[in-house]
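Quick notes on the structure that follows.
The values are calculated or read from the model by the stated rules, or taken from the named source; none is laboratory data. Predicted model, so just to flag it, every value in this text is computed and none were measured. Reconstructed Cβ throughout: ideal geometry from the backbone, glycine too, with neighbour counts over all protein chains shown.
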Amino acid sequence: MGATGAPASSSRTPQTPSASQSRHNGESSSSASSSSQAPPIEYPRTVAQSLKPSIGSFIPHTDHIKKSFDYLTDAAVEYEEFYGQPGAKTAGSTEKPSSRKPIGRSKAALAAHASQQAFSQDPRIHQMEDAILAAVDIQYQMEAERAALESLAGLISMGGKLPGMDLQVSFQELLKTEIKHQQNQRKQQQKQTGRDMDRPLLDFRTKVWDYHHMNEPMPVGNLDGAMGEDDEDDEMEIVMTGDGGQQSLKCPLTTKFLEDPVTSSSCKHSFSKDAIMSMITSQRQTLCPVHGCNRPITAGMLQSNKALARKVAREKLIQEEMSQAQEDEYTTVE
């Protein structure tokens with residue numbers, strides 16, 4: 001229609017972006033792409049200090065869990081006093097035996113069920129055992145969370161690289177590692193009881209059973225083959241600790257007897273001092289070299305372990321005496 005007709009914009013044909021616009025759009029796209037792959041956030045070391053109250057807050061909760069084991073055990077002993085029978089083959093009441101089925105078909109699940117049924121067929125005893133095991137699950141979960149926070153604080157204080165883009169993601173990644181570590185530790189501790197069960201549950205059953213059956217062995221059911229027989233420490237000299245655990249007398253780095261042993265305050269693993277210090281000084285960030293443990297280690301975390309040094313000295317002396325005795329025997333035969 002001429003100049004006074006339809007708006008000029010309606011008659012214009014679409015225009016392609018100019019070169020400058022293309023460059024601008026390209027830069028914007030590149031910027032968006034790079035923002036999605038932004039480098040991990042670097043946190044000041046003061047953040048590690050701010051995590052300490054959270055780490056410390058786990059202690060009273062884990063203490064309460066340990067007390068709950070005693071409360072449940074005392075309650076079960078009182079129950080056994082009133083409803084158990086000295087001549088019975090199982091603990092608790094035998095009037096209404098439990099019809100509980102195994103929780104799974106795995107060898108470990110079947111063995112645990114057989115062990116429980118051999119000990120007691122009383123549903124109330126089973127409920128108290130369930131409460132013990134639930135508390136143990138919570139205990140290990142809390143230990144994993146506390147250890148993950150400690151690892152996170154350690155990485156930040158060392159200026160190390162975090163496993164995630166921020167604190168939350170890093171914590172979740174560290175927590176996965178700690179859960180695996182706690183699961184392995186739990187299996188090892190179950191083996192150490194000799195009955196394939198958690199220590200609180202074994203203590204529970206022992207005290208309940210002893211009330212009416214002090215001089216009789218506690219039934220265990222068929223536990224043959226419930227756990228594997230492989231042990232990573234088969235070739236490592238092992239000693240028992242005061243809490244019923246086990247401790248190797250050889251350094252995981254040198255595979256020889258510990259020399260001037262030091263123990264990490266983070267993961268409690270021990271090393272020959274020169275070996276672990278050499279590893280720490282040669283790396284910007286050092287993680288525990290023990291298989292399955294990825295907790296950070298710094299020189300400040302290492303504590304001299306005189307008690308372990310004495311154990312090593314005694315074991316060396318025993319082996320020397322045994323070796324000498326064998327040599328004397330061979331000499332006598334010849």
Do the conditions hold for Ala309, that is, is it touching a residue at least 40 places away in the same chain (Cβ under 8 Å), assigned to a helix (DSSP H, G or I) and over 28 Å from Glu173 (Cα atoms)? yes
Criterion violated by Ile238 - all others in (1) in contact with a helix residue (DSSP H, G or I) (Cβ under 7 Å, 6 or more places away or on another chain); (2) at pLDDT below 85; (3) at negative phi satisfied: (1)
When the residues of the range 257-305 are filtered to those that are in contact (Cβ under 8 Å) with a residue 60 or more places away in the chain and charged (D, E, K, R), which remaining residue is surrounded by the most Cβ atoms within 10 Å (Cβ to Cβ)? Arg295
State which residue is surrounded by the most Cβ atoms within 10 Å (Cβ to Cβ) when the search covers only the range 117-147 and only residues that are farther than 30 Å from Ser57 by Cα and among the small types (Gly, Ala, Ser). Ser120
Just wondering, is there one or more residues in the range 95-116 that are surrounded by 19 or more Cβ atoms within 10 Å (Cβ to Cβ), outside the structural domain of Ser266 (by TED's automatic domain parsing) and out of contact with any Asp or Glu (no Cβ under 9 Å at 6 or more places or on another chain)? no
Output yes when any residue across the range 48-62 is assigned to a loop (DSSP other than H, G, I, E, B) and in the same structural domain as Gln141 (by TED's automatic domain parsing), and no when none is. yes
Which number in (1) modelled with pLDDT of 85 or more; (2) more than 16 Å from Ala108 (Cα to Cα); (3) loosely packed, with under 14 Cβ neighbours inside 10 Å marks the one condition that Gln182 misses? (3)
Residue list for the range 66-101, restricted to those being over 28 Å from Gln141 (Cα atoms), among the hydroxyl-bearing types (Ser, Thr, Tyr) and part of a helix (DSSP H, G or I): Tyr79, Tyr83
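Rundown of residues vs (1) in contact with a Gly (Cβ under 9 Å, 6 or more places away or on another chain); (2) within 30 Å of Leu51 (Cα to Cα); (3) among the hydrophobic types (A, V, I, L, M, F, W, C), yes/no style:
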{"site": "Ser106", "(1), (2), (3)": "no, no, no"}
{"site": "His113", "(1), (2), (3)": "yes, no, no"}
{"site": "Gln127", "(1), (2), (3)": "no, no, no"}
{"site": "Ile132", "(1), (2), (3)": "no, no, yes"}
{"site": "Glu143", "(1), (2), (3)": "no, yes, no"}
{"site": "Glu150", "(1), (2), (3)": "no, yes, no"}
{"site": "Gly160", "(1), (2), (3)": "yes, yes, no"}
{"site": "Gly164", "(1), (2), (3)": "no, yes, no"}
Conditions (1) farther than 19 Å from His291 by Cβ; (2) surrounded by 20 or more Cβ atoms within 10 Å (Cβ to Cβ): number failed by Leu174: (1)
